[in-house]
Amino acid sequence: MLRKLSAFALALLLVGCASLPEELPLGPPGHALAPQPGGPLAEAEAALQARVGTDLSGFHLLDANADSLRWRLALIDSARHSLDLQYYVWWGDESGSLLLSRVVAAADRGVKVRILVDDLTTNVLVETAQERLGDTATATIGAHPNIDVRVFNPWRQRTLVGQFFESIAELDRVNQRMHNKLLIADNRAVILGGRNIGNEYFGLSPEFGFRDFDALGFGPVARQASQTFDRFWNSERVLPASRLDEARTAADLAQAMIVIGNWLEEARTLSHFEIAPQDWRDALGDLVPALHPGSSRVLADSPGADQVHHVMPEVIQGLLESAVRDVVISNAYIVPDGEALDWLRGQVERGVRYRILTNSLASHDVPAVNAHYKQWRRDFIEAGVELYETRPDAAVKALVVDTPPVQAAFMGLHAKAIAIDGRRVFIGSMNLDPRSWRLNSEMGVVVESEGLAADVLAAVERDLRPENAWRVTLDDNGEMIWTAGDEVLHRQPARNFWQRVEDVFFMLLPKEVY
């Protein structure tokens, strides 16, 4: 998927050197700053501790795209000591540039910032830097004395042509990407879940919008997330962005931010958001009493020197095996195998009800996934799973996907959430497909909280309603049908004929390639 490159990715894009040395020059070790006294987030955690104690965290489900952007802005603006951000993708559109501008503003007031991004897309130029930043395009935000930027699994070749041949020669290495997503502020508050940084994740793209979930947490969960961040930050797979090209200057960055700021002020897409940093104390004061208390475990795969060490598949399997009566899964990209279906059939036979929501072909942004998922629909149904597929015209789109004034042409599912027995939830980056299972690094949080579980369950059950999803079943003749209220379809729904062509073509490619 080609999109506009993030403002900071443009800044660290960097075709000045043709290639990197075989032995990468690693950065110095770094560790999360311990929680410091002072600031709105320290006040928020103190208020939470007074209510639930020091061992539990407080959680809030970020269900609506607009809220997910606002609370990211809130944490960035409220940070007084440290910000750690880790993302697979950070596009340079309105939302990505707005978040970047607030991060730089935080650094200006003395906040120590660490940014870790995957290097897969940092050389994809769809809109050139010159269109927006002029001659300052090559400035990196790492030129700021309070900002440190690193990239995961960097391309050795720094040109698009070189990367094409590198991807052929070293496919195993290149194919391993960091799919993690988190934002930690002052080591007291964290947002983690499925959203990358870009307009489609925040309801601001007129082309399409994603339905997704994040967990906003305060307390010990932030320190758990920091341990995960540090493990990646200090990995042998991570390179300081400053090693990718010639040095930049703080003056270059300052000029670039003026240009970005002027562009943001004129961006109609952001008419419901303030461009300048805000005071969020009142919002935090209203939020803390409503946080759901719970215990948590932040879990992630580990970046080894040559391979990603996968623990998340065992985490997900163990989580599902803990179910006694009910499992609800909302997951964007599902491609199982025969062994997984046999295991799932066993879970249903022992009395656990399974409801699974995933994308239809009509709602998909990655048709290659559907090409390999569709062959398993019948197996899911025959295993006793209640299978649902998202509608691109879902009624929920107007409620939680679109962010005014934008209305997306269609909606797709991007969530990775599980609710179990009304008391335990998983929210993270983990898809249920071969790429997440065997290639990417993934992460997520497991929370024991009846309140948070109730919110996740209510949100997913709303997404299962006929106005939002098709129920996939077999008719009396054993033929597959898609039902939504009175509407019954006898072949998989698609937005257009071209989607059906893609669906056939991608069947020819290995399922790990997409």
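In the stretch 472-485, which residue that is without any contact (Cβ under 8 Å) to a residue 40 or more places away in the chain and not small (G, A, S) is least open to solvent (accessible area, probe 1.4 Å)?
The selected residue is I481.
Do you know which residues across the stretch 400-458 are in a helix (DSSP H, G or I) and of a type in the set (S, T, Y)?
S436
Does the stretch 150-172 include one or more residues that are in contact with a Cys (Cβ under 9 Å, 6 or more places away or on another chain) and more than 30 Å from L41 (Cβ to Cβ)?
Checked against the condition, which is being in contact with a Cys (Cβ under 9 Å, 6 or more places away or on another chain) and more than 30 Å from L41 (Cβ to Cβ), the stretch 150-172 yields at least one hit.
How about the stretch 12-113: which helices (runs of 4 or more DSSP H) wholly inside it have at least 1 residues that are at pLDDT 95 or above, open to solvent by 30 Å² or more (accessible area, probe 1.4 Å) and more than 17 Å from N196 (Cα to Cα)?
Helices (runs of 4 or more DSSP H) meeting the threshold: 40-52, 94-108.
More than 27 Å from Q163 (Cβ to Cβ), of a type in the set (V, I, T), surrounded by fewer than 24 Cβ atoms within 10 Å (Cβ to Cβ) and touching a residue at least 24 places away in the same chain (Cβ under 8 Å) - does that describe any residue in the stretch 234-250?
Yes, the stretch 234-250 has at least one match.
Does E170 count as modelled with pLDDT under 95, of a type in the set (D, E, K, R), surrounded by fewer than 24 Cβ atoms within 10 Å (Cβ to Cβ) and over 17 Å from the mean Cα position of the chain (by Cα)?
Criteria met by E170.
Considering only the stretch 343-364, I want to know if a residue exists there that is in contact (Cβ under 8 Å) with a residue 60 or more places away in the chain and more than 25 Å from the chain's Cα centre (by Cα).
Checked the stretch 343-364: no residue is in contact (Cβ under 8 Å) with a residue 60 or more places away in the chain and more than 25 Å from the chain's Cα centre (by Cα).
Find all pairs meeting these conditions: Cβ atoms under 7 angstrom apart; at least six residues apart or on different chains; first residue within the stretch 397-412 and within 15 Å of D365 (Cα to Cα); second residue modelled with pLDDT under 95 and of a type in the set (S, T, N, Q).
Between residues of the stretch 397-412 that are within 15 Å of D365 (Cα to Cα) and residues that are modelled with pLDDT under 95 and of a type in the set (S, T, N, Q), there is no close pair.
So that you can scan it fast, the table gives a plain yes or no per residue for (1) in contact with a Leu (Cβ under 8 Å, 6 or more places away or on another chain); (2) open to solvent by 50 Å² or more (accessible area, probe 1.4 Å):
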| residue | (1), (2) |
| --- | --- |
| G422 | yes, no |
| P434 | no, no |
| V446 | yes, no |
| D463 | yes, no |
| W470 | yes, no |
| E487 | no, yes |
| Q492 | yes, no |
| N496 | no, yes |
| V504 | no, yes |
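Answer yes or no: is there a residue in the stretch 224-231 that is closer than 30 Å to L284 by Cα, outside any loop (DSSP other than H, G, I, E, B) and open to solvent by 60 Å² or more (accessible area, probe 1.4 Å).
Yes, the stretch 224-231 contains a residue that is closer than 30 Å to L284 by Cα, outside any loop (DSSP other than H, G, I, E, B) and open to solvent by 60 Å² or more (accessible area, probe 1.4 Å).
Residue by residue through the stretch 475-510, note down the ones that are among the β-branched types (V, I, T) and under 19 Å from G412 (Cβ atoms).
Of everything in the stretch 475-510, just one residue is among the β-branched types (V, I, T) and under 19 Å from G412 (Cβ atoms), namely V501.
Looking at R177 and the list (1) under 30 Å from A251 (Cα atoms); (2) in contact (Cβ under 8 Å) with a residue 40 or more places away in the chain; (3) surrounded by fewer than 22 Cβ atoms within 10 Å (Cβ to Cβ); (4) not small (G, A, S), which single condition is not satisfied?
(1) is the only condition that R177 fails.
Can you confirm whether R491 is within 30 Å of the chain's Cα centre (by Cα) and of a type in the set (D, E, K, R)?
The answer is no for R491.
Which ones in the stretch 42-99 are touching a strand residue (DSSP E or B) at 6+ places or on another chain (Cβ under 7 Å) and either at positive phi or of a type in the set (K, R) (or both)?
Across the stretch 42-99, the qualifying residue is only R72.
Give me the residue from the stretch 296-323 that is of a type in the set (D, E, K, R), open to solvent by 20 Å² or more (accessible area, probe 1.4 Å) and not in a strand (DSSP E or B) and, out of that set, farthest from R438 (Cα to Cα).
E321
Would you point out the residue of the stretch 252-295, among those that are in contact with a strand residue (DSSP E or B) (Cβ under 8 Å, 6 or more places away or on another chain) and not in a helix (DSSP H, G or I), that is surrounded by the fewest Cβ atoms within 10 Å (Cβ to Cβ)?
Among those residues, the one meeting the criterion is S295.
The values are calculated or read from the model by the stated rules, or taken from the named source; none is laboratory data. Just so you know, these numbers come straight off a predicted model, no measurement behind them. FYI the Cβ positions are ideal-geometry reconstructions off the backbone, even for glycines, and counts take in every protein chain you see. Remember, those area values only see protein heavy atoms, side chains included, never the ligands or the DNA or RNA. Shrake-Rupley method; radii C 1.70, N 1.55, O 1.52, S 1.80 Å.
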